[in-house]
Amino acid sequence: MSFYSSKIHELLNFQHQLLSAFSQSYPQANDFTHLLNFPRSGMLVVDGQRWKFAKHGVGLRFEREEPVPHLVVEMHDQFGDCAKVDWWRLTLFLESMGIATQRADAERAVLEHNRRTQ
C-alpha cells in the first residue's frame with residue numbers, strides 16, 4: 001500500500017467513526033443536504049479520543065484535541081458520505097500531521113484511489 005493510499009484509508013476510517021459518533025450523539029440532525037438542524041459546534045468522544053467540531057457551510061470540521069497529534073478531518077461537503085475523499089480533505093488531514101502536500105500530488109492520489117475502488 002502506498003503512502004497516500006494508507007493515509008486515505010486512515011482518513012476514511014476517521015470519517016466513518018466521526019459520522020457514526022455524530023449521528024448517535026445528534027439523532028435529530030438529519031438534514032444532510034443543508035445541515036439546517038445541525039448544531040453549530042460540539043464535542044465528541046470516539047474510542048477515547050476527544051474531537052471538537054464546528055459547522056460551516058454544508059460541512060463540518062473535526063479537530064482532534066486528545067490524544068496528540070492534533071488532527072483535522074474536514075468534511076466540507078456531502079457530510080453524510082463518509083466514503084468521500086477529495087484533494088482538500090486529504091491535504092488538510094496530512095497537513096494536520098505535519099506532512100506538507102502539493103495539490104497535484106493529493107489530486108493524483110485521490111484519482112488513483114477512486115480508480116481502485118470503483
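The values are calculated or read from the model by the stated rules, or taken from the named source; none is laboratory data. Note that the coordinates shown come from a computational prediction; the quantities given were computed from them, not determined experimentally. Neighbour counts run over all protein chains shown; Cβ positions are idealised from the backbone, glycine included. Each accessible area value is taken on the protein alone, full model and side chains, heavy atoms only, with ligands, DNA and RNA left out. Shrake-Rupley method; radii C 1.70, N 1.55, O 1.52, S 1.80 Å.
Here are the numbers:
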quantity	calculated
For region 102-113, Karplus couplings with θ = phi - 60° (6.51, -1.76, 1.60), whole Hz, Gly/Pro x	7, 4, 4, 5, 5, 4, 4, 4, 5, 4, 4, 4
Within-13-Å neighbourhood charge of ARG103 [Cβ basis; K, R +1; D, E -1]	-2
In order through region 3-15: 3J(HN,Hα) via Karplus (6.51 cos²θ - 1.76 cosθ + 1.60), integer Hz, x for Gly, Pro	4, 5, 4, 4, 5, 5, 4, 4, 4, 4, 5, 4, 4
The chain - accessible surface per residue (Å², probe 1.4 Å)	55 Å²
Local net charge near PHE32, Cβ-Cβ under 13 Å (Lys/Arg +1, Asp/Glu -1)	-1
Charged-residue dipole, Cβ positions (Lys, Arg, Asp, Glu), region 26-118 about Cα centre, Debye nearest 20	60 debye
Carbon plus sulfur fraction of accessible area for region 3-117, probe 1.4 Å, in percent	52 percent
Mean separation of Cα contacts under 8 Å, 6 or more apart, over the residue count of the chain: relative contact order %	21 percent
Region 3-117 pair-distance distribution - Cα-Cα, 5 Å bins, rounded %	2, 12, 23, 25, 18, 12, 7, 1
Reachable lysines, given that their alpha-carbon falls under 19 Å from the alpha-carbon of LYS7 and they are not under 8 places away in the same chain	LYS84
Using a Förster distance of 30 Å, the FRET efficiency for ASN30-GLU63 (Cβ separation, nearest 0.05)	0.80
With eigenvalues of the C-alpha gyration tensor scaled by 5 and rooted, region 37-98, Å	18, 16, 9
Theoretical ellipticity at 222 nm over the chain - DSSP helices of four or more residues, -39500 (n - 2.57) apiece, nearest 500	-13500 deg cm²/dmol
